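Comments concern the structure below.
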Amino acid sequence: MRAVIAIGLSAALSTSVWAEESGPPSPPQQPQLPGGVSISGNSFAYPNGNVVQGGIANGQIYTFGGGLGTPYNGQLASWGDASSSLAQIQGLLTPDASIYASATQVTRGRSEAGGALGYRVLLVASDQAAADDLNARIANGDFLASVNGRWNLTADGWAYSSASAVTGASVPGLGASQMASAHQSCGSYGVEATPTTPGCGGGSFSLPIYFAPTAGMVGGDSLSFVSTISLYASANAGTAGATFTPYPGVASAFVDPTVTLANGVHGTLILGDNGNVANPIPEPASWALMLAGAAGLLAWRRRTAR
């Protein structure tokens, strides 16, 4: 009834009635800091016809199917029979963070391992003057640090592997042009590889790291700036559907970065933990979305044998 009356009144009164019914608009949600360390991965092993699958989700190991995985110890998980099928993931967060995956297939079937290590990088300015300088650099489009690393990929037999590094993902305020990535592949699915296959062996990469100020984020402060680094490693051996004929192979992938500050930046780098930022928040769903995207980068193709 109130809406019918509003139609016959002035525009101002109509507006006031609408505001009374709907209430004021909700304020925009304050952006949140990216989460801390997150280790995730998937594993698939087919030892002698026995399917074993498992993974790591936010540091917690899980397995299902026939057989058991080894205990989660030192961020290492493995599945399958080491003498015939093995898939393992390892992620370490230290000043020299790294991610490693390996797969071995001797009998019929296939083994896969793929892991993702995502962590927050905090840059804490030494004082407010240094923070003002960092804000000016950010406004100018400058990166404040870089990540220089190496990878090593192997594939021998029916196997292939890949490694990737990504900076700046899932940081509020950073656009696509402020994210950087590097990717390398060794071998390909269904093709027999050798140690001299193009893409295999060692290599290096260098990526810029762009930061965003945390002052406007939940739990942020005027001295802290945030970015992220994500590492992906994938190893695959054997072929899908090979229920009678063995297609043996061995593959491994390793990527290892080192972070350094740009010239003239005065502050402290803190990798992975909550650092000086007050009232850190729980890991947001954005990390889950980012790590789910690892499937595309790692090209995991899980297929059970018929």
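For segment 251-272, a residue qualifies if it is buried (at least 22 other Cβ atoms within 10 Å of the Cβ) and over 22 Å from the mean Cα position of the chain (by Cα), and exactly one does: G267. Candidates S185, S234, S181: the one that is under 23 Å from L86 (Cβ atoms), assigned to a strand (DSSP E or B), free of Cβ contacts under 8 Å to residues at least 40 places away in the same chain and not hydrophobic (A, V, I, L, M, F, W, C) is S185.
Comparison of L231, L207 shows that the only residue that is surrounded by 24 or more Cβ atoms within 10 Å (Cβ to Cβ), under 25 Å from I39 (Cα atoms) and in contact with a strand residue (DSSP E or B) (Cβ under 9 Å, 6 or more places away or on another chain) is L231. Being surrounded by fewer than 18 Cβ atoms within 10 Å (Cβ to Cβ) and either more than 24 Å from A193 (Cβ to Cβ) or aromatic (F, W, Y) (or both) is the filter here, so list the residues in segment 147-171 that pass it. N148, the sole residue that qualifies. Residue count for segment 59-81 under the criterion of being in a loop (DSSP other than H, G, I, E, B) and at pLDDT 70 or above: the result is 2. Taken over segment 82-105, residues that are surrounded by 22 or more Cβ atoms within 10 Å (Cβ to Cβ) and in a loop (DSSP other than H, G, I, E, B) amount to 1. Contact map, segment 96-112: first residue at negative phi, second residue acidic (D, E) and not in a strand (DSSP E or B), Cβ cut-off under 9 Å, separation 6 or more or different chains; pairs are V106/D81; T107/D81. The residues of segment 154-182 that are within 17 Å of the chain's Cα centre (by Cα) and β-branched (V, I, T), listed by number, are V166, T167, V171.
Restricted to segment 184-215, and to residues that are under 24 Å from the mean Cα position of the chain (by Cα) and of a type in the set (V, I, T), which residue is modelled with the highest pLDDT? Looking at the filtered set, the residue picked out is I209.
The values are calculated or read from the model by the stated rules, or taken from the named source; none is laboratory data. Please read all numbers here as calculations on a predicted model, not as lab measurements. A quick note on method: Cβ atoms are made from the backbone with ideal geometry, for glycine too, and the neighbour counts reach across all protein chains shown.
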